[in-house]
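Bear in mind that the values in this text are calculations on the coordinates, not laboratory data. Since the structure is predicted, the reported quantities are computational estimates derived from the model, not experimental observations. Note that each Cβ is placed from the backbone with ideal geometry, even for glycine, and that neighbours are counted across all protein chains shown.
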Amino acid sequence: MSEGKALKVRVTFVIILVGVALLFTAVVTDHWAVLSPKVEKYNDTCEAAHFGLWRLCTKRIYVQEGEPGAKGCGPISLPGERNCSYFTHFAPGETSEIFEVTTQREYSISAAAIAIFSVGFSIIGTLCVLLSFRKKMDYLLRPASMFYTFSGLCIIISVEVMRQSVKRMIDSDDTVWIEYYYSWSFACACASFVLLFICGIALLFISLPRMPRNPWETCMDAEPEH
């Protein structure tokens with residue numbers, strides 16, 4: 001490929017790698033959502049929770065009497081006894097105060113499965129880009145761009161599934177949670193979608209053959225790229 005095209009590919013690839021890093025960060029961390037129960041009394045402990053695709057963590061936080069109208073337990077950053085467990089919310093037949101059957105456990109399983117596809121697409125796309133820098137292998141940029149675009153679409157679908165899961169838990173009468181907010185892992189997933197989707201499309205346009213410069217020139221007549 002020409003030097004100008006190679007420079008564009010490298011710049012786009014660097015931005016894509018940032019998106020891939022954000023994607024991996026979102027998938028392996030457990031701060032997608034933070035849930036808080038109603039505080040019945042002050043100067044006592046309450047249990048808040050945060051979770052991701054693979055792990056659920058609860059934290060017992062000591063709550064002092066605060067401002068009038070404060071209902072939730074937290075913030076989650078306060079010190080307290082922490083207890084984390086992997087895959088607890090995926091085990092069939094297991095009861096949990098957070099992930100009961102009525103809170104649609106299947107949502108979390110679906111979000112995790114779709115996120116795995118997103119990671120797989122991003123890895124395949126990265127391999128294609130790295131191979132495209134070899135001589136006469138720049139045709140791999142086109143499939144790479146599609147893999148990155150699919151990766152972005154998968155992670156945003158996973159985000160929406162997780163969002164519906166949290167909403168279902170909050171709306172359920174069988175859970176103690178009354179407040180929630182999306183945390184930094186959720187933000188990483190959304191940012192990775194933006195970077196992977198936009199840069200995937202940009203990489204596709206960069207990889208396309210040069211358009212004719214004149215109306216009477218066809219693609220076959222155009223000078224080949226070196």
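For a modelled paramagnetic label at Phe133, 7 Å from Cα along Cα-to-Cβ, the residues of the range 1-41 in reach, with backbone nitrogen under 13 Å, are 6-15, 17. Taking amide H as placed 1.01 Å from N in the peptide plane, Ala33 has its amide H under 5 Å from the amide H of Phe51, Ser183, each at least 5 places away in sequence or on another chain. Using R0 = 25 Å, the C-beta based FRET efficiency linking Lys5 and Gln164 works out to 0.05. Nearest 0.05, what FRET efficiency do Asp171 and Phe24 give at R0 = 41 Å with Cβ-Cβ as r? After rounding to 0.05, the efficiency reads 0.85.
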